[in-house]
Amino acid sequence: MSELAAKAKELDASDRLAGLRARFVLDDAVYLDGNSLGALPTAVPGRMEDVVRRQWGSLRIRSWDESGWWTAPERIGDLIAPLVGAAPGQIVVGDSTSVNVFKALVAAVRMAGDGGGNGGDRGDDGSGRDEILVDATTFPTDGYIAASAARMTGCTLRPVAPADVPGALTGRTAAVLLNHVDYRTGRLHDLPGLTAAVHAAGAVAVWDLCHSAGALPVGLDEHGVDLAVGCTYKYLNGGPGSPAYLYVRRELQDRFDSPLPGWNSHAEPFGMRAEYQAAEGAVRGRVGTPDILSMLALEAALEVWDDVPVDAVRAKSLALTDFFLECVAAYVPAGTVESLTPEAHAERGSQVALRCPGAGDVMKRLIDSGVVGDFRPPDVLRFGFTPLYVGFADVERAARVLARTLS
Ligand SMILES: Cc1ncc(COP(=O)(O)O)c(C=O)c1O
Ligand SMILES: Nc1c(O)cccc1C(=O)C[C@H](N)C(=O)O
């Protein structure tokens with residue numbers, strides 16, 4: 001056994017989260033794509049059988065009340081809340097991340113101009129706040145939606161690298177849309193520092209947590225984040241297309257003026273009134289009828305988090321990515337791949353991105369050899385490490401197969 005294989009064995013033996021792998025349906029492949037689609041938790045199929053056959057099949061319409069369908073968006077939001085450092089009552093589940101980015105960003109611009117504080121003051125030259133800053137390296141959907149939100153609200157849109165945001169903020173900045181972890185490089189951005197800078201400029205901060213929630217502590221309440229969105233099909237393992245979530249800080253909920261005010265966010269949805277009156281609290285983030293089947297699959301999936309501290313997940317995530325970088329350095333000839341992922345723990349999410357020529361083809365061959373990551377154009381091999389089900393022997397094998405594939 002090689003030295004690194006022996007080290008992997010030791011690390012697995014002392015890994016207090018190792019037993020959690022049994023909560024997932026997995027096979028012999030090394031699955032390093034949980035940052036795109038999380039693995040299936042074992043509790044989900046049985047729950048879906050009940051939801052479909054009994055709740056839908058037998059109870060039918062009664063399930064909106066009797067099976068708790070109507071209140072599922074807030075109930076499941078409260079299950080996600082501790083994973084992102086939020087007190088209950090601030091997260092609602094539903095729609096896609098893209099749709100929630102739209103709701104959050106337009107609502108942020110409206111807040112910035114509503115006179116209620118944070119961004120409520122006038123801009124430097126008295127002309128108001130009419131600019132949105134967006135992470136220049138963002139996942140494309142956020143950029144597209146920010147451009148549309150800017151057009152709709154009469155703002156200009158300025159792409160800025162996250163680290164440059166403090167210097168780019170002005171009295172005209174209404175809202176700033178940032179990613180907590182960069183989907184390509186795996187870089188973790190400074191959420192506390194950037195949020196504080198946005199607030200100091202009187203603007204509203206919107207964070208996309210797709211690549212951080214479930215992999216590391218986020219601290220939404222602690223750091224005073226205004227609005228946040230995220231998906232649930234990556235590190236939260238909710239399944240393909242599972243609904244996203246929207247966080248609205250409690251103190252801002254009364255000022256959350258949704259650009260998609262559907263009947264589900266009405267104060268009295270069954271009043272069927274012609275005039276819209278927004279509900280109180282997190283419910284205000286809802287739009288239309290929730291996608292119950294996906295939502296209840298997510299609820300079952302979240303059971304894997306019972307008694308799992310996020311800090312322990314973070315510690316294992318860093319140990320996994322450290323060990324992967326160590327194995328790659330040992331096995332892959334120098335100069336063959338270049339890591340885009342920061343060395344510093346404070347700047348690293350839960351993935352490693354390696355740049356190499358022909359990355360698309362390399363990833364195909366890796367997958368054929370049982371190591372599943374993904375490829376992001378033009379030249380990035382992406383490996384996501386989900387601490388709940390990836391072990392250290394997986395990591396050593398992935399690096400070994402990578403070296404063989406590249407030789
Ligand atoms: C950072 C980020 N934001 C948004 C999305 C897309 O969200 P959705 O397709 O669920 O709307 C993704 C991934 O798909 C993402 O990585
Ligand atoms: N949402 C996805 C999908 O529907 C199909 C394939 C991949 C995805 C992803 O989530 C991609 C992912 N957000 C990324 O970081 O690239």
| message | If I model a spin label at residue 267 and residue 329 as a point 7 Å from the Cα along the Cα→Cβ vector, what separation in nanometres do I get? | response | 6.1
| query | If amide H atoms are built 1.01 Å from N in the plane of the peptide, which residues on other chains or at least 5 residues away come under 5 Å of the amide H of residue 375? | reply | 382
| Which residue, 312, 215, 86, tops the fluctuation ranking in a GNM of the chain built on C-alpha contacts under 10 Å? | 312
| request: Can you pull the one-decimal nm distance between simple spin-label points at residue 151 and residue 251, each 7 Å off the Cα toward Cβ? | output: 3.6
| Highest GNM mean-square fluctuation, the chain, Cα pairs closer than 10 Å: which of 53, 187, 284? | 53
| query | What is the extension gain from residue 18 to residue 355, computed as 0.36 nm multiplied by their sequence separation minus the C-alpha to C-alpha distance, in nm to one decimal? | reply | 118.4 nm
| remark: Here, residue 66 and residue 293, labelled 7 Å along Cα→Cβ, have an inter-label distance in nm of 2.1
| Per-residue ellipticity at 222 nm for the chain, helices alone: DSSP H runs ≥ 4 residues times -39500 (n - 2.57), over residue total, nearest 500 deg cm²/dmol? | -10000 deg cm²/dmol
| query | Taking Cα centroids, how far is the range 1-27 from the range 293-308 in Å? | reply | 24
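Pairs 103/234; 9/234; 316/364; 7/364; 9/364: which exceed 25 Å Cα-Cα?
Checking Cα-Cα distances, 9/234; 316/364; 7/364; 9/364 exceed 25 Å.
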| message | I'd like the orientation of helix 191-200 relative to the chain: the angle between its Cα long axis and the longest Cα principal axis, in ° from 0 to 90, rounded to 10. | response | 30
| remark: Reduced to Cα centres, the span from the range 312-345 to the range 50-76 in Å works out to 44
| request: May I ask you to sort 231, 210, 356 by Cβ crowding, counting other Cβ atoms within 10 Å and putting the fewest first? | output: 356, 231, 210
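FYI, it's all coordinate maths here, none of it is from the lab. In this text the structure is predicted, and so the values were computed from the model without any measurement. Here Cβ is always computed from backbone atoms with ideal geometry, including for glycine, and neighbour counts include all displayed protein chains.
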